[in-house]
Amino acid sequence: MRTLCTLLCAALASAELVKIPLQGEMKIESRSNKPLKEVMLSGKVFAGEALKLGLKYAPSVTAVPKVPITDFMNAQYYGPVSIGTPEQEFKVIYDTGSSNLWVPGANCSGCVHKKYNSSASSSYVYNGTAFSILYGSGAVRGVCDEDTVTFGGIKVQKQVFAETTAEPGLPWVVGRFDGILGMGWVEISVNGITPVFFSMMQQKLVDAGQFSFYLSAQAWPHKKTSELALGGVNTDHYTGSFSYVPISKDGYWQIHTDSLAIGNETVHSHFDSVVDSGTSLLAFPLATAVKINSKLGCIDAGIECVFEACPDFAKLPNMTVTLAGKPYVLTGEDY
């Protein structure tokens, strides 16, 4: 049975565990130069984020939409991956909500980030298959290649990936990352391409089919650096043991959630959730979000609820998420 443990970790550490530092950023700003309080109370702070999530998990999309950009908060976690021989290094987001690897190509029109040059790689193999993928933040188009991908010091041979030729949309311009490395299942991979981590397992490059994230509130280069571990879990970052939750559907890291409670009241029961390292919000159906927000003392501003002033975390009710019969309690400070 395919399983996902909480926080995408596994119970046993690998002797050959690969640890990859992650760089994290948080930016709080108002690009319109309006006071943040005014922007927050406008009801549009997370409107763009809601649309992004809807697009990302929609059953099908046939056209590239225009996606509004949030002007309040932007959180990014990214790390290195190298492609080719000699290695060409890129910064990518490790995204459990998608399954493909792509970076800007040499012929990418308007791309501002580092570009992959296939002619400079002795291990490059022509593929030529057209590539197109839609994310919540926008779409990219390009062509597939085959080359050696080095990830956490591990060389994955003959990995198919995409080099983009077009990246329409402001998010790709302002993002600090060059591309995306998807860590979801092959079921949601464009063109049925084997995801990089699955290639690692097939080529027996990791001791176990496990990976884990440690996301720290302290940004690089402080001691508590965020980290992605391949082939197990870094025991330096936890105590105790893990609990496992079965995957309810192949594709996303999708799991069944028993219930969600605010304080002593259950607000939603028996639903599936997606654990997505490429999304920075807790997203719920509108009716559930309204129930949650009504108990937090915030001001209703359309599809979202915001506080006029920073609340006293100690006075906020606990949020309890129950997975596989086990409750996980988040305090006001946690969420």
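The values are calculated or read from the model by the stated rules, or taken from the named source; none is laboratory data. Every value quoted in this text rests on a predicted model; they were computed, and no experiment measured them. So basically every Cβ, Gly included, is an ideal-geometry build from the backbone, and we count neighbours across all protein chains shown. In case anyone asks, the SASA skips ligands and DNA or RNA and just uses the protein heavy atoms, side chains included. Shrake-Rupley method; radii C 1.70, N 1.55, O 1.52, S 1.80 Å.
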Self-check item: Hits in the range 237-254 (condition: under 23 Å from the mean Cα position of the chain (by Cα) and not polar (S, T, N, Q))
Solution: HIS237, TYR238, PHE242, TYR244, VAL245, PRO246, ILE247, LYS249, ASP250, GLY251, TYR252, TRP253
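Residues are listed down the side, and each one gets a yes or a no for (1) under 30 Å from VAL18 (Cβ atoms); (2) modelled with pLDDT under 85:
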| residue | (1), (2) |
| --- | --- |
| ALA261 | no, no |
| ASN264 | no, no |
| SER269 | no, no |
| LEU281 | yes, yes |
| GLU308 | no, yes |
| ALA324 | yes, no |
Practice problem: Kindly provide the set of residues from the range 162-218 that are open to solvent by less than 60 Å² (accessible area, probe 1.4 Å), of a type in the set (S, T, N, Q), at pLDDT 95 or above and part of a loop (DSSP other than H, G, I, E, B), ordered by number. | Solution: SER189, THR194
Self-check item: Unmet criterion (only one of (1) in contact (Cβ under 8 Å) with a residue 40 or more places away in the chain; (2) under 17 Å from the mean Cα position of the chain (by Cα); (3) at negative phi) for THR257
Solution: (2)
Exercise. Could you check how many residues of the range 102-137 are under 19 Å from GLN76 (Cβ atoms), open to solvent by 10 Å² or more (accessible area, probe 1.4 Å) and touching a residue at least 60 places away in the same chain (Cβ under 8 Å)?
Key: 6
Exercise. Please work out if SER109 is of a type in the set (S, T, N, Q), more than 18 Å from ILE83 (Cβ to Cβ) and touching a Ser or Thr at 6+ places or on another chain (Cβ under 7 Å).
Key: yes
Self-check item: Filtered residues of the range 103-116 (kept if closer than 16 Å to THR150 by Cβ and at pLDDT 95 or above)
Solution: VAL103, TYR116
Practice problem: Kindly provide the set of residues from the range 117-157 that are more than 26 Å from VAL18 (Cα to Cα), modelled with pLDDT under 90 and not in a strand (DSSP E or B), ordered by number. | Solution: GLY136, SER137
